[in-house]
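Worksheet: the structure to be examined is printed underneath.
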Amino acid sequence: MGIEKIMIIGALGQIGSELTPALRNIYGTDNVIACDLKEPGPDFKESGPFFYSDVLDKENISSIVEKNGVTQIYHLAAYLSAKAEHNPAMAWKLNMEGLFNILDVAIENNINKLFWPSSIAVFGPTTPKVNTPQTCMMEPNTVYGISKKAGEGWCEWYHKKYGLDIRSLRYPGLISYKTLPGGGTTDYAVDIFHGAVANKRYHCYLNGQTKLPMMYMDDAVRGTIELMEADADNIKIKSSYNITSMSFTPAELTAEIQKTIPEFICDYQPDERQRIADSWPQSIDDSKACEEWGWRHQYDLPKMTSEMLKHVGKLQMESF
Ligand SMILES: NC(=O)c1ccc[n+]([C@@H]2O[C@H](COP(=O)([O-])OP(=O)(O)OC[C@H]3O[C@@H](n4cnc5c(N)ncnc54)[C@H](O)[C@@H]3O)[C@@H](O)[C@H]2O)c1
């Protein structure tokens, strides 16, 4: 196989802003093309090829793929869970039409591999909440979850019909410090660190006992690249793999932060995101990902908390 040329759509978001440099380290800066609807900051712009592009503009995406000899696509542009509830029509359009455009561009241009993330939002109130299995009852009741579940079905269909090598992970809530999260239900697990470091105080929009599956971004980026580099014969699940690292409640995260910042206070004022969180699993069984392509998480709650406090602390020092 020749040199891989990788296109990342939604490269300026929470995941893309960390996945893009990680892929550039492996495949070479010029071989990883970042695309987004937003204007990048000067640092990102100078760090490698960038194209302003809208995933809903199929012709434009297709012409970037053709002109640059793209062989792999990571499609990350989506409306996230909390934001999608406020704008269902636009969320459905971006999450579904965007995915169709990429699936069709991939077929028309003989793309080798496609990555598209799903989410724990594919599960719903009738799903077993603890150690949620790979295959079980899935009746999501959010716009975002409905779109991710439909997307998984379409990924399987494109694989069956066209042999497209499409790989996917059901990410849990992702925790990172480089880019703020984009409107999900688990955003509190990032915001709380900024509140703790800046003001020693945080108002949480979920109640203290809401247990959700989470993952530190380093694990998510490594897992994504390992999935994409795995031997195709080992990728048996064509919809999306369960994957996880840890599960905790806001109260447990608060207690962990208090080990370093004892004065930190978190209070709880649940809003409409509580309903979404209550419909999701508390913990995930990712044994299929472990068995089939060797997934292992590296970050648990104490290790993630210590990394986040260190990096968010540094960011706040630099902003003075
Ligand atoms: N972050 C999480 O915790 C999490 C959890 C589960 C699944 N996911 C999934 O991972 C993917 C990436 O999530 P994220 O957190 O990085 O999202 P994000 O909202 O932080 O980033 C999405 C990026 O897509 C760009 N974008 C939006 N509309 C676009 C369009 N029409 N054309 C091109 N680009 C467009 C945005 O400008 C943004 O930079 C999404 O599919 C999301 O559903 C994320």
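Please treat every number below as a calculation from the coordinates, not as lab data. What you see is a predicted model, and the numbers here were worked out from it, not measured in a lab. Note: ideal-geometry Cβ built from the backbone for every residue, glycine included; neighbour counts use all protein chains shown.
Using the structure shown, list the pairs from 149/310; 67/148; 38/67; 211/236 with a Cα-Cα distance above 25 Å, or answer none. Result: 149/310; 67/148; 211/236 exceed 25 Å. Only Lys, Arg, Asp and Glu carry charge here, each on its Cβ (+1 for the first two, -1 for the last two); on that basis the chain has a dipole of about 300 debye about its Cα centre.
Proximity of backbone amide H atoms, modeled 1.01 Å from N, is registered between residue 79 and 95 at under 5 Å, excluding neighbours fewer than 5 places apart on the same chain.
Extension gain, residue 180 to residue 298, is 40.3 nm, computed as 0.36 nm per intervening residue step minus the present C-alpha separation. Between residue 311 and residue 271, residue separation times 0.36 nm minus the direct Cα-Cα distance comes to 11.6 nm.
Using every Cα-Cα pair within region 187-292, state what percent have a distance larger than 17 Å. Tail fraction, whole percent: 60.
Between residue 139 and residue 261, the simple label model (points 7 Å from Cα in the Cβ direction) yields a spacing of 4.2 nm. Under 5 Å between amide hydrogens, built in the peptide plane, is the criterion, and for residue 204 it picks out 267, 268, 269 among residues at least 5 positions away or on other chains. In the chain, taking the dipole from charged Cβ atoms about the Cα centre, the farthest positive-side position among 198, 309, 133 is held by 133. Mind running the shape call on region 1-133? Use the C-alpha gyration tensor, a ≥ b ≥ c as the square roots of the eigenvalues: rounded below 1.5 for a/c, prolate if a/b tops b/c, oblate otherwise. Note, shape of region 1-133 comes out prolate. Put simply, the Cα atoms of region 231-320 extend 51, 33, 23 Å along their principal axes, the longest span coming first. Net charge near residue 63, counting Lys/Arg +1 and Asp/Glu -1 over other residues with Cβ under 15 Å of its Cβ? Local net charge: -3.
I need the shape label for region 159-204. Rule: rounded when a/c is under 1.5, else prolate if a/b > b/c, else oblate, with a, b, c from the alpha carbon gyration tensor. Here region 159-204 falls in the prolate category. Selection among 283, 241, 188 by position relative to the dipole of region 165-301 gives 188 as farthest towards the positive end (Cβ unit charges, Cα centre).
Amide H to amide H distances under 5 Å link residue 171 with 118, 119, 120, where only residues 5 or more positions off or on other chains count and H is placed in the peptide plane.
Secondary-structure-derived ellipticity at 222 nm for the chain, considering helices only, amounts to -12500 deg cm²/dmol, per-run term -39500 (n - 2.57) for DSSP H runs with n ≥ 4. In sequence order, region 144-158 has phi-based couplings of 4, x, 4, 5, 5, 5, 4, x, 4, x, 5, 4, 4, 5, 5 Hz under the Karplus curve 6.51 cos²θ - 1.76 cosθ + 1.60, θ = phi - 60°, and Gly or Pro positions carry x.
Compactness of region 75-158, taken as the C-alpha radius of gyration over 2.2 N^0.38 Å, stands at 1.14.
With the gyration tensor restricted to C-alpha atoms of region 188-239, the semi-axes of the equivalent ellipsoid amount to 35, 14, 6 Å, longest first. Counted residue by residue at 0.36 nm each, then reduced by the alpha carbon distance between them, the extension gain from residue 162 to residue 129 reaches 8.4 nm. With a ≥ b ≥ c taken as the square roots of the eigenvalues of the C-alpha gyration tensor of region 141-243, please select rounded if a/c is under 1.5 and otherwise prolate if a/b is larger than b/c or oblate if it is not? Verdict is prolate for region 141-243. Between 0 and 90 degrees, the angle of helix 301-318 with respect to the longest Cα principal axis of the chain falls at about 90 degrees. Beyond 35 Å, the tail of the calculated P(r) for the chain holds 18 percent of the Cα pairs.
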